[in-house]
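Student: This is the structure I have questions about; it appears just below.
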Amino acid sequence: MSRIILKSAVVAFASVAVSLLLTLVVVPAMGFPVSRAVWLTATVCPLMLAWVASAGTFWQSDRLKNAHRELARAHAQLVAAHRRLSEKASRDDMTGMLNRETFFAALDGSRRKTDRGALLIIDADHFKTINDNYGHLTGDDALLLIAGAIERGVRSGDVLGRIGGEEFAAFLVGATGPEARHVAERIRREVELIRFRPVDERTVPLTVSIGGITCAESATVSELMRAADRRLYEAKHRGRNLSILDRDISEAA
């Protein structure tokens, strides 16, 4: 408020100065004497009018600026809230990985940018037994440990998702066949090393089976999933706790 009064005073005194200057020039030029009444009129009128008018203008301007700042702040908060909601909607509540829909959208987007890469499907072995013997809450704890092992096993920049109850997927961006095999085996070992003790310090082994495929140039996401699923089924059929990868779709067929 004090800033508005000060700015209004500057405008008012500037108006008085201009008014007096014009009075000294115009009134004598018209042949009239510059009387006390003329001086008073030339001083008081612009002083009062300019002060009141400029104070109102500056006050209104200040209100508009404050309103604009509030709107900008509210807009920033809405954008941040929308970003948080979008991020939450794209993530699996338990593991924090991408959910199924978002993972496949990210996989499709990555495929459009580069032909190179590999898809891994990772499934927890004998997981129903853990749920049946120890309960679903203990099963959730085991899943979180497995998810952490998968995250440690992949490389920076790879895309991870939880695509089923105990099924995960990883897209290894730009990975060659040997690189994909190395990552898959590292994930398998990381899970195997987990010491899971749900009851009475008894260790319950955790393992995963992994099926994978390196990406052929023309392969669709559905074709990659089917090929990786076949390799996963093979790993399960051959005794579990295995990682089996094919070089590309043609080899998988």
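Student: Right, G139: in contact with a Phe, Trp or Tyr (Cβ under 9 Å, 6 or more places away or on another chain), free of Cβ contacts under 8 Å to residues at least 40 places away in the same chain and open to solvent by 10 Å² or more (accessible area, probe 1.4 Å) or not? Working first, answer last.
Tutor: Values: in contact with a Phe, Trp or Tyr (Cβ under 9 Å, 6 or more places away or on another chain): yes; free of Cβ contacts under 8 Å to residues at least 40 places away in the same chain: yes; open to solvent by 10 Å² or more (accessible area, probe 1.4 Å): no.
Taking the combined requirement at face value, the residue does not satisfy it.
Student: Follow-up. Identify all residues within segment 103-131 that are in a helix (DSSP H, G or I), open to solvent by 20 Å² or more (accessible area, probe 1.4 Å) and either more than 21 Å from R226 (Cα to Cα) or not assigned by the TED database to the domain that holds P178 (or both); write none if there are none.
Tutor: As a first pass, look at segment 103-131 and keep what is in a helix (DSSP H, G or I): 103-113, 127-131.
Right, trim to open to solvent by 20 Å² or more (accessible area, probe 1.4 Å) and you get 104-106, 108-113, 128-129, 131.
Correct list: K113, K128, T129, N131.
Student: Moving to a separate point now. Any idea which of D62, D92 is open to solvent by less than 50 Å² (accessible area, probe 1.4 Å), at pLDDT 65 or above, within 18 Å of I121 (Cα to Cα) and of a type outside the set (V, I, T)?
Tutor: Details: D62 fails: within 18 Å of I121 (Cα to Cα).
Step by step, each of D62, D92 is checked, and only D92 is open to solvent by less than 50 Å² (accessible area, probe 1.4 Å), at pLDDT 65 or above, within 18 Å of I121 (Cα to Cα) and of a type outside the set (V, I, T).
Student: Looking at segment 192-210, can you tell me whether even one residue there is assigned to a helix (DSSP H, G or I), open to solvent by 50 Å² or more (accessible area, probe 1.4 Å) and in contact (Cβ under 8 Å) with a residue 12 or more places away in the chain?
Tutor: Step one: list which residues in segment 192-210 are assigned to a helix (DSSP H, G or I), which gives 192.
Cutting the leftovers down to open to solvent by 50 Å² or more (accessible area, probe 1.4 Å) gives us 192.
Within this subset, residues satisfying the condition of being in contact (Cβ under 8 Å) with a residue 12 or more places away in the chain are 192.
Checking segment 192-210: at least one residue is assigned to a helix (DSSP H, G or I), open to solvent by 50 Å² or more (accessible area, probe 1.4 Å) and in contact (Cβ under 8 Å) with a residue 12 or more places away in the chain.
Student: Next question. Could you run through segment 132-160 and say how many residues are in a loop (DSSP other than H, G, I, E, B) and polar (S, T, N, Q)?
Tutor: Of segment 132-160, the ones in a loop (DSSP other than H, G, I, E, B) are 135, 154-158.
Then keep just the ones that are polar (S, T, N, Q); that gives 156.
Of the residues in segment 132-160, 1 are in a loop (DSSP other than H, G, I, E, B) and polar (S, T, N, Q).
Student: Go through (1) part of a helix (DSSP H, G or I); (2) among the acidic types (D, E); (3) closer than 16 Å to D246 by Cα one by one and return the number of the condition E217 breaks.
Tutor: For E217, the exception is condition (1).
Student: Residue by residue through segment 95-138, note down the ones that are of a type in the set (V, I, T), touching a strand residue (DSSP E or B) at 6+ places or on another chain (Cβ under 8 Å) and at pLDDT 90 or above. Break it down stepwise before answering.
Tutor: To start, the set of residues in segment 95-138 that are of a type in the set (V, I, T) comprises 95, 102, 114, 121-122, 129-130, 138.
Next cut, touching a strand residue (DSSP E or B) at 6+ places or on another chain (Cβ under 8 Å) only: 95, 102, 114, 121-122, 130, 138.
T95, T102, I121, I122, I130, T138 - these are the residues of segment 95-138 that are of a type in the set (V, I, T), touching a strand residue (DSSP E or B) at 6+ places or on another chain (Cβ under 8 Å) and at pLDDT 90 or above.
The values are calculated or read from the model by the stated rules, or taken from the named source; none is laboratory data. Just so it is clear, the model here is predicted, and its values are computed rather than measured. Quick reminder, even Gly has a Cβ in these numbers, built from the backbone with ideal geometry, and neighbours come from all protein chains shown. The accessibility values were calculated without ligands, DNA or RNA, using every heavy atom of the protein model including side chains. Shrake-Rupley method; radii C 1.70, N 1.55, O 1.52, S 1.80 Å.
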